[in-house]
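The values are calculated or read from the model by the stated rules, or taken from the named source; none is laboratory data. Remember, it's a predicted structure, so these values are computed and weren't measured experimentally. Here the Cβ positions follow ideal geometry from the backbone for every residue, glycine too, while neighbour counts run over all protein chains shown.
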Amino acid sequence: MPTPTRGPRLGGSPDHQRLILANLATSLFEHGRITTTVAKAKRLRPLAERLVTFAKRGDLHARRQVMTTIRDKDVVHHLFAEIGPRFSERPGGYTRIVKIGPRKGDNAPMAVIELVEALTVAQEAVGEAERARGSRFARDRRTVAAAPAAEDDTTVAQAADSDDAADAEVDAPVDGEPDMDVEESASDEQAPYGDGSHAALEDGSMPKGFPIKGNENSKLYHVPDSPFYDRTDAEVWFADTDAAETAGFELPPSQQDDDSSAEESAQDTKG
Amino acid sequence: MAVPKRRKSRSNTHSRRSQWKATATTLAPCPNRACRQPKPPHIACHNCGQYDGRQVIAV
């Protein structure tokens, strides 16, 4: 007896299922990231990964085999020219499924399925050229480029959510931080966690007006008189502790005794 | 084909349905330290849009 296909059956007939999966794969390679139901995402993953493996092989036979599933030549070209080489070092596991909860209407559990690796600088340049030419693949380049910007927006939005944090942000410049106004207008690269933060300088020294060290790996921040301060290599610097808290950083657990109650009250007002 | 002989009383129907109970959704605080909102486990947070430290949903 042949082994049954893994996962739920989609559509009403084998033909319908084949077309659903082919269309999902086409959309995935065209956009790089699609939102669908969890069941469809789980069925799509093995098919999409097999197609990427064909793309890594890259010869004419592989291309014809992919063409039997993806009927769109533009998408197949994109897959072979860019997605395949992008995964040349990766031994499988080209897609990521993240569940995003039930859909309004029919309560179907939804998921985002996306290709895992971000674009390199060279591929970004190709994307720029294609955008200039008006190719439809320009769109997913823009979304990839916009992703870090979106994260910055999130930080700002969270700051707005919390009244306390927002007040702190307003108070900070008044408290004698003349550099703040200059930094607020700086680019996102300089302020990775929004206002009151500063990216690390190349020589590792302290940016003027940003004395608090932030460790991105542990998500902890260190004040200048902390025993951890000197041994920390800061990935990001903050103007004051409120800015660090707003960005999601914490004091080391051993130093949290004083601030914990104040922090909790801040959390309460947040909810 | 078997058919019911008697109509079920309202009392019987209600007694049977009194055992239909809703269960509370499992929630855990969002691991993003800036968020900490309750969210279902293994699902991206709807408040901050992050899952496993990665921005998944635009918020």
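Miscellaneous remarks
- A Cβ distance below 7 Å, combined with a sequence gap of six or more or placement on separate chains, defines the contacts here; from the stretch B:44-59, residues that are more than 7 Å from chain A (Cβ to nearest Cβ) reach residues that are assigned to a strand (DSSP E or B) and not acidic (Asp, Glu) in the pairs B:45/B:39; B:45/B:51.
- Here is the figure for the stretch A:90-106: residues that are in a loop (DSSP other than H, G, I, E, B), over 15 Å from residue A:44 (Cβ atoms) and without any contact (Cβ under 8 Å) to a residue 60 or more places away in the chain total 6.
- For residue A:111, the conditions (1) in a strand (DSSP E or B); (2) aliphatic (A, V, I, L, M); (3) surrounded by fewer than 18 Cβ atoms within 10 Å (Cβ to Cβ) all hold with the exception of (3).
- The single condition from (1) at pLDDT 75 or above; (2) crowded, with 20+ Cβ neighbours inside 10 Å; (3) touching a Pro at 6+ places or on another chain (Cβ under 7 Å) that residue A:180 fails is (1).
- Candidates B:53, B:49: the one that is at pLDDT below 90 and either touching a Ser or Thr at 6+ places or on another chain (Cβ under 8 Å) or closer than 27 Å to residue A:221 by Cβ (or both) is B:53.
- Of all the residues in the stretch A:95-110, those that are touching a Gly at 6+ places or on another chain (Cβ under 8 Å) and not aliphatic (A, V, I, L, M) number 1.
- Qualifying position, being among the polar types (S, T, N, Q) and under 17 Å from residue A:110 (Cα atoms), among B:47, B:12: B:47
- The residues in the stretch A:93-108 that are surrounded by fewer than 17 Cβ atoms within 10 Å (Cβ to Cβ) and β-branched (Val, Ile, Thr) can be counted, and the count is 1.
- Restricting attention to the stretch A:40-70 and to residues that are closer than 22 Å to residue A:91 by Cβ and charged (D, E, K, R), the residue that is surrounded by the fewest Cβ atoms within 10 Å (Cβ to Cβ) turns out to be A:59.
- Taken as a whole, the stretch A:203-225 holds at least one residue that is within 28 Å of the chain's Cα centre (by Cα), exposed (fewer than 14 other Cβ atoms within 10 Å of the Cβ) and either modelled with pLDDT of 80 or more or on the phi > 0 side of the Ramachandran plot (or both).
- Condition check for residue B:40: within 14 Å of another protein chain (Cβ to nearest Cβ), in contact with a Leu (Cβ under 8 Å, 6 or more places away or on another chain), under 28 Å from residue A:34 (Cβ atoms) and surrounded by 10 or more Cβ atoms within 10 Å (Cβ to Cβ): yes
- A count restricted to the stretch B:3-21 and to residues that are more than 22 Å from the chain's Cα centre (by Cα) and not in a helix (DSSP H, G or I) stands at 7.
- Any hit, the stretch B:22-34, residues being in a loop (DSSP other than H, G, I, E, B), at the interface with chain A (Cβ under 10 Å from one of its Cβ atoms), surrounded by 15 or more Cβ atoms within 10 Å (Cβ to Cβ) and among the hydrophobic types (A, V, I, L, M, F, W, C): yes
- Qualifying residue in the stretch A:71-89 (condition: polar (S, T, N, Q), surrounded by fewer than 17 Cβ atoms within 10 Å (Cβ to Cβ) and either assigned to a helix (DSSP H, G or I) or modelled with pLDDT under 95 (or both)): yes
- For the stretch A:2-39, the set of residues classified as more than 26 Å from residue A:81 (Cα to Cα), of a type outside the set (Val, Ile, Thr) and surrounded by 15 or more Cβ atoms within 10 Å (Cβ to Cβ) consists of A:10, A:17, A:39, listed by residue number.
- Residue B:10 vs. criteria over 30 Å from residue A:246 (Cα atoms) and of a type in the set (D, E, K, R): yes
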